[in-house]
Number of protein chains: 2
Amino acid sequence: MSEFDEAIALQRMGTDGESTAWRGRLSDRWSVGTAVNGGLLMALAANAVRDAVAEAGEGAHRDPIALSAHFMSAAAPGDLDVTTEVLRRGRRMSTGQAALVQDGEDGPVERMRALVTVADLEPDGTVHRCEPAPDMPAPDACVPSSAAPAELAGAFTLTERLDVRFDPETVGFAVGAPSGRGELRAWMRLADGREFDSVALLLALDALPPVAFDLGLMGWAPTIEFSGHVWARPAPGWLRMRTRTQTLVGGVMEEVAWIWDSRDRLVAQSRQMCGVRVPKDGLPVSA
Amino acid sequence: MSEFDEAIALQRMGTDGESTAWRGRLSDRWSVGTAVNGGLLMALAANAVRDAVAEAGEGAHRDPIALSAHFMSAAAPGDLDVTTEVLRRGRRMSTGQAALVQDGEDGPVERMRALVTVADLEPDGTVHRCEPAPDMPAPDACVPSSAAPAELAGAFTLTERLDVRFDPETVGFAVGAPSGRGELRAWMRLADGREFDSVALLLALDALPPVAFDLGLMGWAPTIEFSGHVWARPAPGWLRMRTRTQTLVGGVMEEVAWIWDSRDRLVAQSRQMCGVRVPKDGLPVSA
């Protein structure tokens, strides 16, 4: 079993009508600082919802096509309780919900709630329109995340689970020279060689450093709301990613992500609202 | 009371812990064909969540800043049951959920489930980065929705609630000559003169015709998932809107929307996944 499949595995505790209780354990191997990466939580939630739909209904609906999540508190390594509820079981798609809860000092604390619509993606649905994949140097000509300064990499066990190669044009943040354009581009694989599928794409969508880094904002950028769309099952091999921000108001910003697979096919997109800390005198860097 | 406030009003039926039951009635005055407009449902859901948060907690948190909704079946004029649940009550923001249910032939049917994060928007949060408002002819030089051919307008009572003025460059769809660019631009006001606030912006984000019309796809484009972000309370006066699609795969597309207020300030953005019917031989029109 790959380390990703292990990380999203849950044990079914019991079912009551459309509601199912699950238990799991978050390891300290997918962390960003002291928090477990939100992409991992979303993949785990989507996996639980598709299992709940598949075991209860007729259609399999193995692919999450749309996931929306609101993050309420930072998840920490440790025990995790998940409750799923199947909301609609349809012929072409089904929808469910997942609530992720951990024990806090004063009782249970909800970390994230997600709505997930699942379906069966056509292997080769016609692409009528899509954003083209960006031109980038080949992975071997890019900057590996393993080259990150120890003080950046140390707090991020997530980076050890992924093989990320940054486009040299967008990796200035790592050496104190962000471009100010608000854009990152990178290749991505899972470090243990497991190929991405529609569930693992949800991890990938939220697994690059915050795009705020490219504006010189190097702090944590906690996700408030996240919406991810999966357009196709990815072909094996490297994913190509691009993230960008165009909106930053007060201490809140948007971050948009695109993922193309090794066939240069657009396979997933997302948009999130996250918090950032902007210095009183404005952005440190602008393009 | 404005017709919008009347349309989103609910009666509180009872509270059990963090869960509150509400009843309302959807009129036939906000319809697109036989279905009630999704934007109205989202505004209604956000209003219920902020009322549930305000009555139960300390902070008011009067502005929905992020709403995510999954649409499961088309809502029809008639009675509506809403259940809200407050998930997190925070100092700076709170999060709740709303489930909208109507009676179907075989019992209750869920129409939409939404997650809503509410906060208090700063009156003048600094805009560090944002998409600029598009250049458009003044409202009086644009094409009013009241000029729509009767066969288009007749099925849409929603159009009578709104004063919409289309940029002449993007209104070709109304006369059988869509541009193929996948973009619409328009001014918008509520017909009865009520000014937009942060809740009414959620209606506006989903109240223009489908952007698919500009690709020659004139059918219904039912929303699967919708994610809306509100950046600021709008100033009184006309809203300026732009919608665009860049992704259309198989029978599913994305639609992105931006709204600027009369100060040219970006006040809201959204991205939705919706279904479309593409002819077997491809898009009827491309730019």
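The values are calculated or read from the model by the stated rules, or taken from the named source; none is laboratory data. Since this is a predicted model, take the numbers as computed values, not measurements. FYI the Cβ positions are ideal-geometry reconstructions off the backbone, even for glycines, and counts take in every protein chain you see. All accessible areas refer to the heavy atoms of the entire protein, side chains included, with ligands and DNA or RNA removed. Shrake-Rupley method; radii C 1.70, N 1.55, O 1.52, S 1.80 Å.
When the Cα gyration tensor is reduced to axis lengths a ≥ b ≥ c, the ratio a/c is 1.5 or higher for segment A:149-287, and with a/b above b/c it is classed as prolate.
Derived scalar couplings between HN and Hα for segment A:169-185 equal 5, 10, 9, x, 4, 6, 10, x, 10, x, 7, x, 7, x, 8, 10, 9 Hz in order, rounded to whole Hz, by the Karplus curve 6.51 cos²θ - 1.76 cosθ + 1.60 (θ = phi - 60°), x for Gly and Pro. Buried accessible surface for the B/A chain pair comes to about 4600 Å², total over both chains, computed with a 1.4 Å probe.
Using a 7 Å projection from Cα along Cα-to-Cβ, the label point at A:D79 is separated from the same position in the remaining copies by 4.3 nm, smallest value first. Helix-only arithmetic for chain A: the sum of -39500 (n - 2.57) across DSSP H runs with n ≥ 4, divided by the residue total, places the mean residue ellipticity at 222 nm at -3500 deg cm²/dmol. Measuring heavy-atom accessible area with a 1.4 angstrom probe and counting protein chains only, the residues of segment B:62-82 that give up at least 50 Å² relative to the chain alone are B:H70, B:M72. Across the identical copies, the 7 Å label point of A:R263, projected outward along Cα→Cβ, sits 4.9 nm from its counterparts, in ascending order. Model label sites at A:D197 and A:V175, defined 7 Å from Cα along the beta-carbon direction, differ in position by 4.0 nm.
Considering only protein heavy atoms and a 1.4 Å probe, what is the carbon-and-sulfur percentage of the accessible area of chain B? Result for chain B: 48 percent of the exposed heavy-atom area is carbon or sulfur.
Rounded if a/c is under 1.5, else prolate if a/b beats b/c, else oblate: with a ≥ b ≥ c from the C-alpha gyration tensor eigenvalues square-rooted, which is the protein assembly as shown? Verdict is rounded for the protein assembly as shown. Using the alpha-carbon centroid of each, what span in Å lies between segment B:240-287 and segment A:112-127? Each part reduced to its Cα centre gives a spacing of 19 Å. Principal-axis analysis of the Cα atoms of chain B puts helix B:38-56 at an angle of about 20° to the longest axis. Put A:D281, B:D81, A:D264 in order of accessible area, highest first, and with a 1.4 Å probe you get A:D281, A:D264, B:D81. On the beta carbon distance between B:M1 and B:D124, with R0 = 35 Å, the FRET formula returns roughly 0.75.
Packing order of peptides A:112-120, A:242-250, B:119-127, highest average first: A:112-120, A:242-250, B:119-127 (average count of other Cβ atoms within 10 Å over each peptide's residues). Computed 3J(HN,Hα) for segment A:81-97, one whole-Hz value per residue from the Karplus formula 6.51 cos²θ - 1.76 cosθ + 1.60 where θ = phi - 60°, is 10, 10, 10, 10, 9, 7, 9, 8, 10, x, 6, 9, 8, 10, 10, x, 10, glycine and proline marked x. Multiplying the residue separation of A:R12 and A:E55 by 0.36 nm and subtracting their alpha-carbon distance yields 14.4 nm.
Structure remark: mean-square fluctuation, Gaussian network model of chain A, C-alpha springs under 10 Å; the largest value among A:D167, A:D63, A:D16 belongs to A:D16.
Run the numbers on segment B:261-287: which residues show a drop of 20 Å² or more in accessible area, chain on its own versus all protein chains together, using a 1.4 Å probe over heavy atoms? Buried-area filter returns B:Q269, B:R271, B:M273, B:L283. Mean per-residue shielding of peptide A:225-234 is 5, counting Cβ atoms of other chains within 10 Å of each Cβ.
For the peptide B:92-102, the mean number of other protein chain Cβ atoms found within 10 angstrom of a residue's Cβ is 2. Inter-chain neighbour count for A:243-254: the average number of beta-carbon atoms from partner chains within 10 Å of each residue's beta-carbon is 6.
Taking a ≥ b ≥ c as the square roots of the Cα gyration tensor eigenvalues, segment A:21-124 comes out prolate, since a/c reaches at least 1.5 and a/b is larger than b/c.
Accessible area per residue for chain A, computed on protein heavy atoms with a 1.4 Å probe, is 39 Å².
For B:G193, inter-copy separations between label points set 7 Å beyond Cα along the Cβ vector come to 7.3 nm, shortest first.
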